[in-house]
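**Student:** Below is one structure. I have some questions about it.
The values are calculated or read from the model by the stated rules, or taken from the named source; none is laboratory data. Computed from a prediction, not measured in an experiment: that's the story for all the values here. Cβ sites come from the backbone with ideal geometry, for glycine too, and all protein chains shown count toward neighbours.
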Amino acid sequence: MVYGGDISIATGATFQYSSTTSSTQTIGSTLAGGVISGGGDLIKDTGSNILSFKKNNTYTGLTTINSGILQLSGDGTLGNTSGVVNNGTLQLSTASSFTISAPISGSGQFKKLNTSIGTTTLTGNNTYTGPTTIAAGTLVVANSSALGNPATPVGSLLMTGGTLQYSGINTDFSGRFATTGSQQWNIDTNGNAVTFGTVLSGTSSLTKTGSGTLTLSETNTYTGTTTINGTGTSATIGNTIVAGYATHYTNGAIDYSPFGASPSLIMSIV
């Protein structure tokens, strides 16, 4: 079902959505209309289905996800919400680029999905305890708490595509990396000096882009490809032995000096 009319939530009021259907319910058609405005709160209540926002909303109240999925698609945003209490799933499937500055709390999960061109920036002091998935696009972390406070940190950051980009921080998130399956650790240091101090294992691959430095300080055992892309990019291997099948670089550099000798790596120009 698509609801194309505008919704205005008065200050002190609450727009509460509940549904028993399993289909996706969309607010905001491809035509004009469907913008959520006002100073009131919004609640996605019972039901495991998807409630999808497709418009650039402007409401300023609290957003609560009690169950199911709240999805941002099309040009959908959370407006100027004062906060997100996420006890379900907050799912981003939009090609738009926008910032979520409001704090995200709750026990739910955060997912960046489906499009390679959308950039989402998280600047809030987030405390949500569920996992984070980056499957497409770029997720910019501009706060050391941007990725929440997962109840089980190890394996809580799943990267199956897309890029994790740093902005003004150098927080080590490597202790959260999932290593099951073929993860794609695509890291844009974006002018920052970042150190990964956790052993990276499994069959996953590591790609370092952007200016700045990524230092791998442990003896890693992952067997995927290591790629360094971008003018001004450098990576310091530290005491790391990368067991990857190949290491590629484009307009970048690897500092081998901490070894005292060249490591055993297969180098290829791409």
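**Student:** Would you call Asp188 buried (at least 18 other Cβ atoms within 10 Å of the Cβ), touching a residue at least 24 places away in the same chain (Cβ under 8 Å) and closer than 20 Å to Ser144 by Cα?
**Tutor:** Criteria met by Asp188.
**Student:** Could you tell me whether any residue of the stretch 150-167 is aliphatic (A, V, I, L, M), buried (at least 21 other Cβ atoms within 10 Å of the Cβ) and not in a strand (DSSP E or B)?
**Tutor:** No.
**Student:** Still on this model: Could you list, in sequence order, all residues of the stretch 202-258 that are at pLDDT 90 or above, among the hydrophobic types (A, V, I, L, M, F, W, C) and assigned to a loop (DSSP other than H, G, I, E, B)?
**Tutor:** none
**Student:** Does any residue in the stretch 201-220 that is touching a residue at least 12 places away in the same chain (Cβ under 8 Å) come within less than 7 Å, Cβ to Cβ, of a residue that is charged (D, E, K, R) six or more places away or on a different chain, and which pairs are these?
**Tutor:** What qualifies is Thr209/Asp188; Gly210/Asp188; Leu214/Lys208.
**Student:** Please find, among Phe53, Phe98, the residue that is within 18 Å of Val140 (Cα to Cα), aromatic (Phe, Trp, Tyr) and out of contact with any helix residue (DSSP H, G or I) (no Cβ under 7 Å at 6 or more places or on another chain).
**Tutor:** From the options Phe53, Phe98, the qualifying one is Phe98.
**Student:** Could you pull out the residue among Asn66, Asn57, Asn80 that is in contact with an Asp or Glu (Cβ under 8 Å, 6 or more places away or on another chain) and not β-branched (Val, Ile, Thr)?
**Tutor:** Within the list Asn66, Asn57, Asn80, the selection yields Asn66.
**Student:** In addition: Restricting to the stretch 107-122, what's the tally of residues that are touching a strand residue (DSSP E or B) at 6+ places or on another chain (Cβ under 6 Å), assigned to a loop (DSSP other than H, G, I, E, B) and surrounded by fewer than 21 Cβ atoms within 10 Å (Cβ to Cβ)?
**Tutor:** 2
**Student:** A follow-up question, please. Hey, among the residues in the stretch 29-44 that are in a loop (DSSP other than H, G, I, E, B) and over 14 Å from Gly12 (Cβ atoms), which one's modelled with the lowest pLDDT?
**Tutor:** Ranking the qualifying residues of the stretch 29-44, first place goes to Leu31.
**Student:** Could you identify the single residue in Leu78, Leu70 that is within 16 Å of Thr120 (Cβ to Cβ), assigned to a loop (DSSP other than H, G, I, E, B), among the hydrophobic types (A, V, I, L, M, F, W, C) and modelled with pLDDT of 90 or more?
**Tutor:** Leu78
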